[in-house]
Amino acid sequence: MSVDYAVITGRQQRVWSLGDYGKVGSLLSWLGESLVRRLDVHAGEAVLDVAAGNSNASLPAARRFADVLATDYVPALLDEARARADADGVRLRTQVADAQALPFDDGTFDVVMSTIGAMFAPDQEALAREMSRVCRSGGRIGMANWTPDSMVGDMFRAVGAHVPPPQGVLPASMWATGERVHELFGPYCKISTSRETCPFRFPSPQACLDYFRTWYGPTVAAFRGLDDDGQASLADGLLEVFTRHGSSADGTMAADVSYLEVIAYRS
């Protein structure tokens, strides 16, 4: 089956422009700090953050006085990234770019990284090739990707039951399976992986549903594309996911969501 990745990427770009991913991304600062620490980013290193969103990984790298370039294909998110950098008093450059066709020369960066962003690129082979290409020999590549069995993985499946993903495109969560990661990065890198968790804390499962329904582009798009009955069914399905993963004795939602941290050393 021939897959038109350009068309799918254009649709994704519009979806991720809905809501305000920055409000979701800001809940995930844990992942960026963890990944930058594992990558051992040093002052003066050239760092590329791919599909950076509102800069959860870029900011920790910039605080280490690295030369950081944050890229994304949603300009509004890069505006947020610059505002956050200004508020923190750190230097951060931004540039609009497609993760599957990075506009940089081979070996430009010491570190190339992405937290819960590049994993959604539909052409996984192109993404792995591009991230590896722009990383210098001896450099490091890092990713944080939601696992298929996590709460977010179940959330994707609940949405997919109502809004099927594009035909011919592998699930984004494949980036969090060791076999697929080695298949993608293996030709270019030596790889190590570690399963970690990110804490999600909300006043209740319903509050989590309301948050994602309001701010998270893919969920916003899914609800907009359904009639009233479909929206009610999707809401029920998502609420079940959040309740099952996040129930706690005090009645709030407390879920530790698993993700795979990938560190690849460029050959």
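Every read-out reported here was derived from the displayed coordinates using simple, explicitly stated rules and does not represent laboratory data. These numbers come from a predicted model, not from an experiment. With ideal geometry, Cβ positions are generated from the backbone for all residues, glycine too; neighbour counts draw on all protein chains shown.
Multiplying the sequence separation of Asp256 and Ala101 by 0.36 nm and subtracting their Cα-Cα distance, what value in nm do you get?
Stretched out fully, the Asp256 to Ala101 stretch lengthens by 52.5 nm.
Normalised by the residues of the range 45-176, what does the relative contact order come to in percent, with Cα pairs under 8 Å and at least six apart?
The value is 23 percent.
Work out the length of the dipole vector of the chain about its Cα centre, built from +1 on the beta-carbon of each Lys and Arg and -1 on the beta-carbon of each Asp and Glu, and round it to the nearest 20 debye.
Taking the Cα centre of the chain as origin, the dipole is about 540 debye.
With a Förster radius of 22 Å, plug the Cβ-Cβ distance of His182 and Val3 into 1/(1 + (r/R0)^6) and report the FRET value to the nearest 0.05.
With R0 = 22 Å, the Cβ-Cβ based efficiency is 0.45.
Working from Cα positions, state the angle (0 to 90°, nearest 10) between the long axis of helix 124-133 and the longest principal axis of the chain.
30
List, in order, the whole-Hz ³J(HN,Hα) value for each residue of the range 220-230 obtained from phi through the Karplus relation with A = 6.51, B = -1.76, C = 1.60 and θ = phi - 60°; use x for Gly and Pro.
In residue order, the calculated couplings are 4, 5, 4, 5, 5, x, 10, 6, 4, 5, x Hz.
Would you calculate the separation in nanometres between label points at Arg195 and Asp149, each defined as 7 Å from the Cα along the Cα-to-beta-carbon direction?
Taking the simple label geometry, Arg195 and Asp149 are separated by 0.5 nm.
Please work out the FRET efficiency for the pair Arg82 and Arg37, using the Cβ-Cβ distance as r and a Förster radius of 25 Å; give the result to the nearest 0.05. Numbers along the way, then the final one.
Numbers: r = 23 Å, r/R0 = 0.93.
Once the sixth-power term is evaluated, E becomes 0.60.
Any idea what angle helix 75-88 forms with the longest principal axis of the chain, computed on alpha-carbon atoms, 0 to 90 degrees, nearest 10?
70
Describe numerically, in nm with one decimal, the distance between label points set 7 Å from Cα along Cα→Cβ at Thr243 and at Arg93.
Once both label points are built, they end up 5.1 nm from each other.
Counting other Cβ atoms within 10 Å, keep those with at most 16, restrict to DSSP loop, and tell me which trypsin sites (Lys or Arg not before Pro) in the range 89-193 are left.
For trypsin sites (Lys or Arg not before Pro) across the range 89-193 that sit outside H, G, I, E and B with at most 16 neighbouring Cβ atoms in 10 Å, the list reads Arg91.
What list of ³J(HN,Hα) values in whole Hz, one per residue of the range 46-55 in order, does the Karplus curve 6.51 cos²θ - 1.76 cosθ + 1.60 (θ = phi - 60°) give from phi, with Gly and Pro shown as x?
7, 10, 10, 9, 9, 6, 6, x, 9, 5
Could you tell me how many degrees, from 0 to 90 and to the nearest 10, lie between the Cα long axis of helix 5-16 and the main elongation axis, the longest principal axis, of the Cα atoms of the chain?
Approximately 60 degrees, to the nearest ten.
Give the distance, in whole Å, between the Cα centre of the range 204-225 and the Cα centre of the range 103-171.
Cα centres, the range 204-225 to the range 103-171: 22 Å.
Along the range 37-44, what does the Karplus equation 6.51 cos²θ - 1.76 cosθ + 1.60 (θ = phi - 60°) give for ³J(HN,Hα), rounded to whole Hz, x for Gly and Pro?
Running phi through 6.51 cos²θ - 1.76 cosθ + 1.60 with θ = phi - 60° gives 5, 5, 6, 6, 5, 10, 4, x Hz.
Could you tell me which of Leu35, Pro199, Pro148 has its Cα farthest along the dipole of the chain towards the positive end, charges placed at Cβ (Lys, Arg +1; Asp, Glu -1), taken about the Cα centre?
Comparing the listed Cα positions along the dipole, Leu35 ranks first.
Please arrange His162, His245, His42 by how many other C-beta atoms lie within 10 Å of their C-beta, fewest to most.
Ascending number of Cβ neighbours within 10 Å: His42, His162, His245.
What relative contact order, as a whole-number percentage, does the chain give when Cα pairs under 8 Å and 6 or more residues apart are counted?
22
Output the relative contact order of the range 108-267, whole-number percent, from Cα pairs under 8 angstrom with separation of 6+ residues.
Value for the range 108-267: 36 percent.
Go through 50-58, 23-31 and give me the packing order, highest mean Cβ count within 10 Å leading.
50-58, 23-31
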